[in-house]
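Here's the structure, in structure tokens; my notes come after.
The values are calculated or read from the model by the stated rules, or taken from the named source; none is laboratory data. Every value quoted in this text rests on a predicted model; they were computed, and no experiment measured them. Reconstructed Cβ throughout: ideal geometry from the backbone, glycine too, with neighbour counts over all protein chains shown.
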Amino acid sequence: MEVDQFPISILTHNITNFGSQNPKNERNSPIPSDPICKNSVLWGTSALQTDDEQDDPNDSSFHINELSEDEEESFLVPSDAEDEDDVKHVFQDIDSPLENPVDEEKYLVFESCLKKLIRMIPCMSETKCTSPLTQYRKETIGSYLSVEVRCQSGHTRLLWESQPRHGYQPLGNVLLSAAVLFSGSSFLTSQHMFKLLNVKSIDKTTYYKNQSMYLFPAINHHWKEEQKAVIQNIRERPLCLAGDRQLDNPGFSPKYSVYSLMDVASKKICSFSVEPVTPEETLEDSEKVGFQKAMGELQTMNAEVKMIVTDRSVAIQELLKDDYPGIVHLVDLWHLSKSIGNEVLMAAKHKDCEVLYEWVEAIRNHIWWSSCTCSKNPDLLIHKWKSVLQHVTNVHEWGGDSDCKACHHPPLPEEVVKNTKWLEKNSLPMNNSKR
Ligand SMILES: [Zn+2]
Ligand SMILES: [Zn+2]
């Protein structure tokens, strides 16, 4: 366990001391399933004690004050029972069929509560012995717990397992790995959380083993099924796809480049490819390869791609022009406005052009406005877009032949006109922004 990786490991240590008992002797488990993360506790060290015996006056850990009867009652009422499901009043038949292990409810069990349960059970070994159970032995495999018990007369038996198993594999460990991965959490953060709570959990090796043995094959299987269904649904109509590349570590030695293609109408990903980024090739090359593979997959499934929307990547623009002449290529507005904004920011870095910083947001908004109000008329779009060059010089009416002869905003209050840093015609910032 890599406690030292956590910046507040000291805190963890203090908290796990809460209610601590004598150090436990641990040995390797005889269960031949998972040598990495199991441990069991020897007989005797965890002998069942009464609540009084557990109270060690020399124990420096925290103590909870005893609750009065009233407080105990209010303590038992769920305070956050927003959901009706939280309180179940109906008795359920113990023999009712078992639910799917994924769907069935799981609970956080305290050891003290488990001991209370064991105390209620008589031995009931093969001799029908009714002696009380006085000792128990725990065995854990990751988050799994099994409890063996011994009665006053010395009979022992396996009493209980906390999780269903598939062979020797406790299902909770696989489901825990799945929950961490599918919720997009980091394993180390989850491990830290379990340590703070002092809940037994899986270790890193088990997590990665479960990923490669069960989770990745399951994801792959479901993705293939999903893709088949998506393609089945869209095969009947010509497609407009949105494509983009994502790097696992943007801007700093990325290892993988993921290219995804989404059907714009259904907003479903219909193809993607993951490419390792090698030092020999540029990021543009890996983007091209990713795009070609994702497109190739769709073409083998006979999808009819009519239109592709991407960012302003030059590599993809060239690739579409050369290799996919039948596909209409459009530039996505969000990327366009972002990259125009970035260009203005770059221009503002030039000497005496700092005033352009004031205009970045307005220019970004203007490309959105032009595009949304041009009624799909490309000429009008260009005229509206270019009108920004008038507005920034405090000119709001300019006439001419086009449908765009003036700004669409209401007359500006004097105060605004006075306080706005307008650009001067033919000034350096103005010429830079024109570019
Ligand atoms: Zn017995
Ligand atoms: Zn204006």
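Here are some notes:
- Conditions (1) surrounded by fewer than 18 Cβ atoms within 10 Å (Cβ to Cβ); (2) among the aliphatic types (A, V, I, L, M); (3) in contact with a helix residue (DSSP H, G or I) (Cβ under 9 Å, 6 or more places away or on another chain); number of the one not met by Leu176: (1)
- Residue match in segment 206-217 (condition: within 30 Å of Tyr168 (Cα to Cα), in a helix (DSSP H, G or I) and of a type in the set (Val, Ile, Thr)): yes
- Residue pairs meeting the criteria (Cβ under 6 Å; at least 6 apart or on separate chains; first within 23 Å of Ser143 (Cα to Cα), in segment 210-230; second of a type in the set (A, V, I, L, M) and assigned to a helix (DSSP H, G or I)): Asn210/Val174; Tyr214/Val174; Leu215/Ala178; Leu215/Leu181
- Filtered residues of segment 150-166 (kept if closer than 21 Å to Tyr107 by Cβ and either within 16 Å of ligand 2 (Cβ to nearest atom) or in contact with a strand residue (DSSP E or B) (Cβ under 9 Å, 6 or more places away or on another chain) (or both)): Leu158, Leu159, Trp160, Glu161, Ser162, Gln163, Pro164, Arg165
- Inspection of segment 326-345 finds no residue satisfying the criterion of being in a loop (DSSP other than H, G, I, E, B) and farther than 24 Å from Val314 by Cα.
- Qualifying residue in segment 315-329 (condition: of a type outside the set (S, T, N, Q) and in contact (Cβ under 8 Å) with a residue 40 or more places away in the chain): yes
- Filtered residue count, segment 273-296, keeping only those that are closer than 17 Å to Asp332 by Cβ and in contact with a helix residue (DSSP H, G or I) (Cβ under 7 Å, 6 or more places away or on another chain): 2
For (1) modelled with pLDDT of 95 or more; (2) over 24 Å from Pro217 (Cβ atoms), each residue gets a yes or a no:
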position	(1), (2)
Ser143	yes, no
Val147	yes, yes
Arg157	no, yes
Gly167	no, no
Pro170	yes, no
Ser190	yes, no
Lys195	yes, yes
Ile202	yes, no
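- Complete set of residues in segment 303-330 that are surrounded by 14 or more Cβ atoms within 10 Å (Cβ to Cβ), hydrophobic (A, V, I, L, M, F, W, C) and in contact with a Lys or Arg (Cβ under 8 Å, 6 or more places away or on another chain): Ala303, Ala315, Ile316, Leu319, Ile327
- Inter-residue pairs, beta-carbon under 9 Å, first of a type in the set (Asp, Glu) and in segment 388-413, second more than 10 Å from ligand 2 (Cβ to nearest atom), 6+ apart: Glu397/Lys405; Asp403/Asn377; Asp403/Asp379; Asp403/Leu380; Asp403/His383; Asp403/Lys384
- The set of residues from segment 85-144 being of a type in the set (D, E, K, R) and touching an Asp or Glu at 6+ places or on another chain (Cβ under 6 Å) comprises just one member, Arg137.
- Condition check for Thr282: surrounded by 20 or more Cβ atoms within 10 Å (Cβ to Cβ) and among the hydroxyl-bearing types (Ser, Thr, Tyr): no
- Pick from segment 216-247, criterion acidic (Asp, Glu) and exposed (fewer than 11 other Cβ atoms within 10 Å of the Cβ), ranking: farthest from Val289 (Cα to Cα): Glu236
Every residue, every condition in (1) charged (D, E, K, R); (2) within 16 Å of ligand 2 (Cβ to nearest atom); (3) under 20 Å from Arg312 (Cα atoms); (4) not in a loop (DSSP other than H, G, I, E, B), yes or no:
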position	(1), (2), (3), (4)
Ala347	no, no, yes, yes
Asp352	yes, no, no, no
Val360	no, no, yes, yes
Ile363	no, yes, yes, yes
Ser375	no, no, no, no
Leu389	no, yes, no, yes
Val395	no, yes, no, no
Asp401	yes, no, no, no
Val417	no, yes, no, yes
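- Pairs, first within 16 Å of ligand 1 (Cβ to nearest atom) in segment 140-157, second among the acidic types (Asp, Glu), C-beta under 9 Å, six or more apart: Val147/Glu139; Val147/Glu161; Glu148/Glu139; His155/Glu126; Thr156/Glu148; Arg157/Glu126; Arg157/Glu148
- Matching residues, segment 130-139, being touching a strand residue (DSSP E or B) at 6+ places or on another chain (Cβ under 6 Å) and either of a type in the set (Ser, Thr, Tyr) or within 9 Å of ligand 1 (Cβ to nearest atom) (or both): Thr130, Ser131, Leu133, Tyr136
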